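Worksheet: the structure to be examined is printed underneath.
The values are calculated or read from the model by the stated rules, or taken from the named source; none is laboratory data. Remember, it's a predicted structure, so these values are computed and weren't measured experimentally. Positions of Cβ are generated from backbone atoms using ideal geometry, with glycine treated the same way; all protein chains shown enter the neighbour counts.
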Amino acid sequence: MHKGVERRRFTDMRNRHHVDLIHRYPGNPVLTAADWPYPVNSVFNCGATRLADGTTLLLCRVEDRRGHSHLTAARSRNGIDGWEVDETPTLAPDPQRYPEEVWGVEDPRITYAPELEKYAILYTAYSRGGPGVSLALTKDFREFERFGNVMPPEDKDAALFPHRIGDNWAMIHRPVGPVGAHIWISYSPDLRHWGSHKLILEARRGAWWDANKIGLSPPPIETEQGWMMLYHGVRMTPAGCIYRLGLALFDLTTPERCLKRSPTWIFGPEEYYERFGDVGNVVFPCGYTVSPDGDTLNLYYGGADSCIALATASISEMLDWLDETTVDPYAVE
């Protein structure tokens, strides 16, 4: 039997009983370094939003050939193809004014905040002391109001909620401490001063798929049942790490309270562009848009730190599956 046929047969057998909630676009990947108007090493983890005119905008992490990253916008009328990429970096590191960006800016998450009439971008600023969380606001992805670091190293995987919770803004983020990497929430009256830090989702221990290290993937999704979170778990193996996705649900008015959590991962690296690249075995979404039907989720994710791919899912189906399968969200053993 031809090796390619054997490989497909093995993949089909392995995936036969996988939960089928997230569906890859058959034309993946949708963006690679070959689509860029200037020389780069790779294009991957992107924030996403739909602009007022219906255009899908991706704010892409672009790694140059030094290994430093910047952010560049790509726009498409249908969110699939026909991408128009900015000719120069859209949001470049500015280490003279923001020394925490000396080694680049990475992994943006975009949230539109109606109260501000602006898009809030939380991104990782790579400083000499490690990665920290920085914030910028924009109306048009041409000009940016930069707040600088709002969470010091080591911290990343951050996103803003679209509106205040009570009197305060809320941010999800992932600090790293001596006992692991877990997901936290913090609150602020002004987007500059953050406090009331609370641990909201703990990495499991032992042999779990999400043991020891987890983090937010795209920004939380507001539903009638609560804030739905797609999060990544990192499985450490002798052959390297595997990045996969799980689901959790948090209370609408008290989002530090976890209501449900999936026992298994729902999306992991399977295709060639997800398994092989600068960092193999990684699916890493930082952004999504919701279709006009209010239910179809268009998920944009980095594959193997080397390309941008697209997948779709139903919000209602994910909530139903989470309701059917959830385990004690606070059990980590």
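Out of curiosity, is residue 117 surrounded by fewer than 22 Cβ atoms within 10 Å (Cβ to Cβ), within 22 Å of residue 75 (Cβ to Cβ), acidic (Asp, Glu) and modelled with pLDDT of 95 or more?
Answer is yes for this residue.
How many residues are within 21 Å of residue 28 (Cβ to Cβ) and either among the acidic types (Asp, Glu) or in contact with an Asp or Glu (Cβ under 6 Å, 6 or more places away or on another chain) (or both) when one looks only at segment 238-281?
6
State yes or no: is residue 137 in contact with a Phe, Trp or Tyr (Cβ under 6 Å, 6 or more places away or on another chain) and in contact (Cβ under 8 Å) with a residue 12 or more places away in the chain?
For residue 137, the condition - in contact with a Phe, Trp or Tyr (Cβ under 6 Å, 6 or more places away or on another chain) and in contact (Cβ under 8 Å) with a residue 12 or more places away in the chain - is not met.
Which residues, counting only those in segment 271-289, are over 15 Å from the mean Cα position of the chain (by Cα) and either among the hydrophobic types (A, V, I, L, M, F, W, C) or assigned to a strand (DSSP E or B) (or both)?
Hits for segment 271-289 are 276, 279.
Okay, residues lined up against (1) of a type in the set (S, T, N, Q); (2) within 29 Å of residue 120 (Cα to Cα):
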position	(1), (2)
266	no, yes
276	no, no
280	no, no
285	no, yes
301	no, yes
304	no, yes
316	yes, yes
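Is there a residue in segment 82-105 that is surrounded by 14 or more Cβ atoms within 10 Å (Cβ to Cβ), within 16 Å of residue 285 (Cα to Cα) and at pLDDT 95 or above?
no
Might you let me know whether segment 136-153 holds any residue that is crowded, with 18+ Cβ neighbours inside 10 Å, under 25 Å from residue 211 (Cα atoms) and touching an Asp or Glu at 6+ places or on another chain (Cβ under 9 Å)?
Within segment 136-153 (the criterion being crowded, with 18+ Cβ neighbours inside 10 Å, under 25 Å from residue 211 (Cα atoms) and touching an Asp or Glu at 6+ places or on another chain (Cβ under 9 Å)), the answer is yes, since at least one residue qualifies.
Can you pull out every residue in segment 43-53 that is farther than 22 Å from residue 160 by Cα and either at pLDDT below 95 or of a type outside the set (D, E, K, R) (or both)?
43
Which of the residues belonging to segment 303-329 are in contact with a Cys (Cβ under 7 Å, 6 or more places away or on another chain) and in a loop (DSSP other than H, G, I, E, B)?
Selection gives 329 alone.
Can you tell me which residue in segment 233-254 is nearest to residue 277 (Cα to Cα), limited to those that are of a type in the set (Gly, Ala, Ser) and exposed (fewer than 13 other Cβ atoms within 10 Å of the Cβ)?
My answer is 240.
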